[in-house]
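The values are calculated or read from the model by the stated rules, or taken from the named source; none is laboratory data. Quantities reported herein were computed from a predicted structural model and do not represent experimental measurements. Virtual Cβ from ideal backbone geometry, glycine too; neighbours counted across all protein chains shown.
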Amino acid sequence: MAEKRMFIVLLGAPGAGKGTQAKLLEEAAQLPQISTGDIFRFNLKNQTELGKLAKSYMDTGALVPDEVTIRMVEDRLQQPDAARGAIMDGFPRNLVQATAFDLMVAPYGGVTVVPMIGVDDEEVIRRITGRRSCKSCGAIYHVLYNPPKVAGVCDKDGGELTQRDDDREETVRNRLFVYYKQTAPLIGYYYAKGLLAEVDGMQPIEDVAAALKALLKV
Ligand code: ADP
Ligand code: AMP
Ligand code: ZN
């Protein structure tokens, strides 16, 4: 077996706060965030073949086909910054992806821990509909819960804040449906492996971050 790595799989509904927490953990855990949604959006923006393929699925809130998504993650894990492991945000998202991921990380000691960020549905809708992200650096804000100092402008680099196309209410409902049908079964999957750790996602951002750091001992 190769040297052990740390693979943290953040579970939780869309809007639960996975991206927000992954970004806060990157420095403390010294691990990169791997967000499959961010990689798809990057490809969409740059009009690559992958981006064109992903677009039709993302527009309706469906999952991009497993084959494509799994290959993309395999490639991403080859990057030098993932040499100690990674914080997985939005992947795996169904049982096929979870079993593929187990195989990918098996040589490095497997998945380390799976924090489940629990948030109720009404709060998820409030979080998603108020979410804004920076066009240039991807920083995540919320118009009420985590507002930038100047409305519409990123605190970090002055970039323009925009709403994701798939954060409109019609698409959000379908994404929640897809989450319950395809992703929620992973809670049982990881629980059975003794890897699940529930975190109360209804707390303020800093408190969720503190709970995660305590759990991960970082
Ligand atoms: P996910 O990556 O799970 O889809 P995000 O991290 O993008 O979720 O968060 C969704 C929205 O909710 C963002 O606007 C973010 O600022 C906000 N948010 C995240 N965590 C919290 C929290 N604990 N309390 C209030 N708002 C939050
Ligand atoms: P997210 O940024 O995690 O909310 O993802 C946005 C969209 O990207 C999803 O609604 C899917 O269409 C697609 N996507 C992200 N991650 C995955 C994944 N692991 N498998 C399939 N599709 C994904
Ligand atoms: Zn920015």
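In segment 36-52, is there at least one residue being touching a Pro at 6+ places or on another chain (Cβ under 8 Å) and within 10 Å of ligand 2 (Cβ to nearest atom)?
Looking for residues that are touching a Pro at 6+ places or on another chain (Cβ under 8 Å) and within 10 Å of ligand 2 (Cβ to nearest atom), one finds none in segment 36-52, hence no.
Look through GLU160, GLU169 and report the one residue that is at pLDDT below 95, acidic (Asp, Glu), exposed (fewer than 15 other Cβ atoms within 10 Å of the Cβ) and more than 11 Å from ligand 2 (Cβ to nearest atom).
GLU169
Looking at this structure, is ILE125 aliphatic (A, V, I, L, M), within 26 Å of GLU198 (Cβ to Cβ) and at pLDDT below 95?
Against the criterion (aliphatic (A, V, I, L, M), within 26 Å of GLU198 (Cβ to Cβ) and at pLDDT below 95), ILE125 qualifies.
What helices (runs of 4 or more DSSP H) lie completely within segment 7-90 and have 2 or more residues being within 16 Å of ligand 1 (Cβ to nearest atom) and aliphatic (A, V, I, L, M)?
The qualifying helices (runs of 4 or more DSSP H) are 18-29.
So which residues in segment 123-157 are among the hydrophobic types (A, V, I, L, M, F, W, C), over 23 Å from ALA54 (Cβ atoms) and within 16 Å of ligand 2 (Cβ to nearest atom)?
Across segment 123-157, the qualifying residue is only ILE125.
So, LYS193, is that one farther than 21 Å from GLU26 by Cα and basic (Lys, Arg) or not?
yes
When you look at ALA82, is it under 21 Å from LEU10 (Cα atoms), surrounded by 19 or more Cβ atoms within 10 Å (Cβ to Cβ) and more than 9 Å from ligand 2 (Cβ to nearest atom), yes or no?
Judged against the criteria, ALA82 is not a match.
Would you check if ASP102 is away from ligand 2 (no atom under 11 Å from the Cβ) and either free of Cβ contacts under 8 Å to residues at least 40 places away in the same chain or surrounded by fewer than 14 Cβ atoms within 10 Å (Cβ to Cβ) (or both)?
yes
Can you tell me which residues in segment 128-160 are under 15 Å from LYS23 (Cβ atoms), among the hydrophobic types (A, V, I, L, M, F, W, C) and in contact with a strand residue (DSSP E or B) (Cβ under 8 Å, 6 or more places away or on another chain)?
Of everything in segment 128-160, those that are under 15 Å from LYS23 (Cβ atoms), among the hydrophobic types (A, V, I, L, M, F, W, C) and in contact with a strand residue (DSSP E or B) (Cβ under 8 Å, 6 or more places away or on another chain) turn out to be CYS134, ALA139, ILE140, CYS154.
Looking only at segment 141-167, which residues are more than 24 Å from GLU206 (Cα to Cα) and free of Cβ contacts under 8 Å to residues at least 24 places away in the same chain?
Scanning segment 141-167 gives no hits.
For segment 76-95, does any single residue satisfy the condition of being closer than 26 Å to GLU206 by Cβ, aromatic (Phe, Trp, Tyr) and touching a helix residue (DSSP H, G or I) at 6+ places or on another chain (Cβ under 9 Å)?
yes
Quick one: VAL208 ticks every box in (1) of a type outside the set (Asp, Glu); (2) outside any helix (DSSP H, G or I); (3) in contact with a strand residue (DSSP E or B) (Cβ under 7 Å, 6 or more places away or on another chain) except a single one, so which number is it?
Only one criterion is unmet by VAL208, namely (2).
Restricting to segment 130-162, what's the tally of residues that are under 17 Å from the mean Cα position of the chain (by Cα) and not small (Gly, Ala, Ser)?
Matching residues across segment 130-162 total 7.
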